[in-house]
Amino acid sequence: MLVRKLKAAVIVAAAVVSVSVVATPAQASNCSRGGGVYICEYGVTSYKLPDGTKQELVVGTDRAVWTRWTDSDGDWSGWMSMGGNAWSTVRAYDYDASDPWTFRVFYFDQTAEYWGRNRDHDGNWSTWTRYDLPLNG
């Protein structure tokens with residue numbers, strides 16, 4: 001129960017921060033990383049898996065969430081679009097403490113709605129789903 005309340009508090013804190021940056025500045029700049037271009041102001045989110053491999057997520061200039069990952073040798077994949085319509089930093093968190101291979105990525109859209117996709121144990125992704133913010137844990 002405590003872990004669930006802590007996760008809810010983290011999501012709410014991220015919501016407060018993200019909602020304050022929902023609008024991209026008029027002079028938003030583009031950055032490049034690994035051959036891809038993304039909105040600098042939203043940064044790069046990294047998530048480390050139990051075997052040491054990593055997943056990176058960015059908001060592309062098309063507002064889609066883009067991801068790439070390392071293999072067991074540390075080599076990076078190419079960027080893959082996950083779709084979406086992000087107007088905030090993409091964040092990642094462990095939503096299922098019983099399985100360290102699962103996690104959720106989420107963003108806020110232009111109207112501050114919370115959207116997420118879940119990665120399962122085998123690396124498969126759910127579709128984007130709008131979630132209510134867990135304000136009451």
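No value in this document is a laboratory result; all are computed from the given coordinates. Note that this is a predicted model, so its numbers are computed, not measured.
Points worth noting:
- log10 of Debye I(q)/I(0), alpha-carbon scatterers only, for region 81-137 at 0.14, 0.21, 0.23 Å⁻¹: -0.38, -0.82, -0.95
- Karplus 3J(HN,Hα) series, Hz, for region 33-43 with 6.51 cos²θ - 1.76 cosθ + 1.60 (x for Gly, Pro): 7, x, x, x, 10, 9, 7, 3, 4, 8, x
- Extension gain from Ala97 to Asp71, taking 0.36 nm per residue of separation minus the Cα-Cα distance: 7.0 nm
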